[in-house]
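The values are calculated or read from the model by the stated rules, or taken from the named source; none is laboratory data. Here the structure is a predicted model, which is why all the values come from computation and not from measurement. Cβ placement follows ideal geometry from the backbone for every residue including glycine, while neighbour counts extend to all protein chains displayed.
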Amino acid sequence: MTWSSFSSSRTRRATLAGCLVLMALSVSGCANIEPSYFWDSIFRPSPALVNGIGLTLVISVIAQILGVILGVFAAMAKMAKFYMFRIVSNLYIWFFRGTPLLVQLIFFVYGFPAAGIFKWPTVAFGPILIPAEILAGTIILGVNEGAYMAEIVRAGILSVDPGQTEASKSLGMKYGQTMRRIVLPQAARVIVPPLGNEFNNMLKTTSLLTVVSVFELYNTTSVAAGRNYRYFELFAAAAVWYLLMTTIWGFIQGWIERRLAKGTTLTSAGPTGPGWRGRFFGGQADSLGGH
């Protein structure tokens with residue numbers, strides 16, 4: 001079975017199973033369940049729900065990009081010869097990895113203005129107006145992600161043969177040129193798989209922004225369910241939307257990994273690399289039989 005045929009058949013089975021469960025519940029005497037709310041949220045989503053899904057995607061992408069940039073700088077600072085760089089990097093990683101993201105959101109969004117330290121502004125980019133809570137939530141998600149990406153990037157850099165750095169020095173390259181042209185491109189093969197997993201997690205972590213009144217997918221669903229008390233149907237639909245986003249990203253991640261692994265023995269279809277089934281379901285069939 002090929003990778004594409006496996007993934008499509010698995011998707012069809014999951015969709016069919018979900019539909020059958022809802023149908024069974026609707027006809028088995030569960031009078032409080034109305035499947036129409038579920039189907040409308042999937043096939044005829046309201047403008048508010050569409051905006052919530054779009055906001056979830058936009059925040060996830062921007063926060064992940066910010067996290068990668070901060071992670072690269074934090075990793076390089078942690079490996080720098082200058083002692084103060086290492087101290088700042090270690091403190092940054094220590095704080096944001098050691099405290100819950102929910103606490104960080106409340107602390108920076110509500111704590112800082114309450115203490116008179118800083119108030120998040122509303123920012124305008126031409127016709128686009130970014131409310132203060134969306135700006136604050138996106139930045140805090142990105143800064144938090146940067147602390148985790150720092151260790152991922154550092155592991156990727158350390159995986160590159162030190163001889164590569166020595167060779168670049170012998171060619172007269174400066175440190176920045178060595179990192180950009182030699183080390184980071186090779187480290188990308190190690191960085192991309194956990195980076196993909198981090199972005200997968202970021203799509204779901206955006207739901208925490210409900211505590212700062214950001215109307216992403218979760219908060220939009222919660223408000224709608226609070227109006228009509230259809231929590232089961234509406235949150236089942238929200239789960240489907242989250243599954244759809246993370247599944248599509250899983251396909252993209254697999255494609256990126258195979259592109260980066262070309263010319264190496266560590267391909268996603270090889271004997272040591274995890275395939276689509278292994279990534280999503282924890283199995284090892286892909287590693288034995290390929291895609």
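In the set (1) closer than 30 Å to A187 by Cα; (2) in contact with a helix residue (DSSP H, G or I) (Cβ under 8 Å, 6 or more places away or on another chain), the condition left unmet by N51 is number (1). With region 70-186 as the region, which helices (runs of 4 or more DSSP H) entirely inside it contain at least 1 residues that are in the same structural domain as F215 (by TED's automatic domain parsing) and small (G, A, S)? So the answer is 83-98, 132-158, 162-170, 175-178. Right, L217: surrounded by 20 or more Cβ atoms within 10 Å (Cβ to Cβ) and touching a Leu at 6+ places or on another chain (Cβ under 8 Å) or not? Taking the combined requirement at face value, the residue satisfies it. Total residues in region 74-97 satisfying the condition of being of a type in the set (G, A, S) and under 19 Å from M202 (Cβ atoms): the figure is 2.
Does T272 qualify as being touching a Gly at 6+ places or on another chain (Cβ under 8 Å), β-branched (V, I, T) and at pLDDT below 95? No.
Rundown of residues vs (1) in contact with a Phe, Trp or Tyr (Cβ under 9 Å, 6 or more places away or on another chain); (2) among the aliphatic types (A, V, I, L, M), yes/no style:
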residue	(1), (2)
A48	yes, yes
N51	yes, no
L66	no, yes
F85	no, no
N90	no, no
T99	yes, no
F112	yes, no
P121	no, no
A124	no, yes
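Sub-6 Å Cβ pairs linking a first residue in region 101-115 that is of a type in the set (F, W, Y) to a second residue that is loosely packed, with under 14 Cβ neighbours inside 10 Å, at least 6 apart or interchain, are F112/F118, ordered by first then second residue.
In this structure, L234 does not qualify as more than 19 Å from the chain's Cα centre (by Cα) and assigned by TED's automatic domain parsing to the domain that holds I53. Step by step: first the residues of region 224-239, then only those that are surrounded by fewer than 16 Cβ atoms within 10 Å (Cβ to Cβ) and touching a helix residue (DSSP H, G or I) at 6+ places or on another chain (Cβ under 8 Å), then the one that is modelled with the lowest pLDDT. Which residue is that? By that ranking, first place goes to N228.
Take the conditions assigned to a helix (DSSP H, G or I), at pLDDT 90 or above, exposed (fewer than 13 other Cβ atoms within 10 Å of the Cβ) and not assigned by TED's automatic domain parsing to the domain that holds R180 and apply them to S36. Does it pass? Judged against the criteria, S36 is a match. Taken over region 78-91, the criterion of being within 24 Å of the chain's Cα centre (by Cα), surrounded by 14 or more Cβ atoms within 10 Å (Cβ to Cβ) and without any contact (Cβ under 8 Å) to a residue 24 or more places away in the chain is satisfied by N90 alone.
Comparison of L70, L57 shows that the only residue that is at pLDDT 55 or above, surrounded by 13 or more Cβ atoms within 10 Å (Cβ to Cβ) and over 25 Å from V160 (Cα atoms) is L57. Scanning region 43-54 for residues that are surrounded by 15 or more Cβ atoms within 10 Å (Cβ to Cβ) and assigned to a helix (DSSP H, G or I) yields L49, N51, G52, I53.
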